[in-house]
Amino acid sequence: MSFVFFSLALLAIAALIPRKWSDYSQQRCNLNICVSNTGIHSNIIVPIKNNVFNWSENILLDGIGIDTISNYTYLSFGWGDRDFYMSTPSLRDINLSTTLKALFLPTSSVMDVKGYQSIPNYLEVKCIKISQIDYLRLMEFIQATFQVDAKGRKIRLGDGHTTNAGFYAANGSYSVLRTCNSWTGEGLRKANVNTPLWDGLSFAIMWHLRSSCD
């Protein structure tokens with residue numbers, strides 16, 4: 001039992017320690033990205049298009065959710081265990097066997113994609129600015145997470161838990177060592193954004209999130 005408490009204490013400390021201590025500010029940071037926190041999951045929110053990237057050229061916007069809206073302004077991306085994500089719309093729907101399987105066995109993953117016409121105000125959302133180079137690195141990371149078919153199209157698996165959401169096949173295996181928040185942290189590091197030493201918790205991602213620009 002003492003080993004468990006010791007391990008949890010180490011993880012808690014690691015969640016508060018940043019990966020970068022030194023100043024790493026950059027110039028010409030004029031592109032916005034946002035991160036949302038649902039309390040369990042963190043998601044990366046980006047504009048549909050800006051002067052360097054256009055998601056409408058990479059995913060069918062009116063096919064994301066069942067609302068058939070194509071004039072979204074933002075897209076939200078979250079990665080996680082396929083069974084858990086698709087069968088757990090809320091905390092009250094958590095199934096113990098599905099949760100244990102997701103945590104302790106390598107399992108298939110899924111991308112949870114949502115379209116928004118404005119930044120959601122019912123979630124904790126924090127936005128920062130990054131450089132063009134870092135923005136493109138983040139877009140490449142998100143793109144590479146999707147599985148694609150023989151024609152290079154993203155594979156939609158089913159409807160999301162809201163009318164503006166859909167689930168897509170993803171690359172990578174989910175486990176206790178690589179969680180949904182670990183994926184967010186990995187993407188942010190690709191964009192030169194500081195993250196916690198242990199990024200398994202959504203609150204830790206939000207705590208360390210700040211612009212890498214002057």
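Anything in the range 156-173 that is of a type outside the set (D, E, K, R) and either open to solvent by 30 Å² or more (accessible area, probe 1.4 Å) or not in a strand (DSSP E or B) (or both)? List them, or say none. Correct list: 157, 160, 161, 162, 163, 164, 171, 172, 173.
Let's see how each residue does on (1) open to solvent by 60 Å² or more (accessible area, probe 1.4 Å); (2) within 17 Å of residue 191 (Cα to Cα); (3) at pLDDT 95 or above:
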site	(1), (2), (3)
19	yes, yes, no
25	no, yes, no
28	yes, yes, no
33	no, yes, yes
41	no, no, no
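Of the set (1) in contact with a strand residue (DSSP E or B) (Cβ under 7 Å, 6 or more places away or on another chain); (2) modelled with pLDDT under 95, all apply to residue 156 but (2).
Say whether the condition of being in contact with an Asp or Glu (Cβ under 9 Å, 6 or more places away or on another chain) and modelled with pLDDT of 95 or more is met by at least one residue in the range 118-137. Scanning the range 118-137 turns up no residue that is in contact with an Asp or Glu (Cβ under 9 Å, 6 or more places away or on another chain) and modelled with pLDDT of 95 or more.
Each residue in the range 104-145 was checked for being under 13 Å from the mean Cα position of the chain (by Cα), assigned to a strand (DSSP E or B) and surrounded by 21 or more Cβ atoms within 10 Å (Cβ to Cβ), and 6 of them qualify.
Residue-wise test of (1) part of a helix (DSSP H, G or I); (2) at pLDDT below 90; (3) open to solvent by 30 Å² or more (accessible area, probe 1.4 Å).
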site: 181; (1), (2), (3): yes, no, no
site: 189; (1), (2), (3): yes, no, yes
site: 199; (1), (2), (3): no, yes, no
site: 203; (1), (2), (3): yes, no, yes
site: 206; (1), (2), (3): yes, no, no
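The values are calculated or read from the model by the stated rules, or taken from the named source; none is laboratory data. It should be emphasised that the depicted structure is a prediction, and the values quoted were computed from it without experimental measurement. Using ideal geometry, Cβ is built from the backbone for each residue, glycine included, and neighbour counts are taken over all protein chains shown. Heads up: the accessible areas ignore ligands, DNA and RNA and are worked out on the full protein's heavy atoms, side chains in. Shrake-Rupley method; radii C 1.70, N 1.55, O 1.52, S 1.80 Å.
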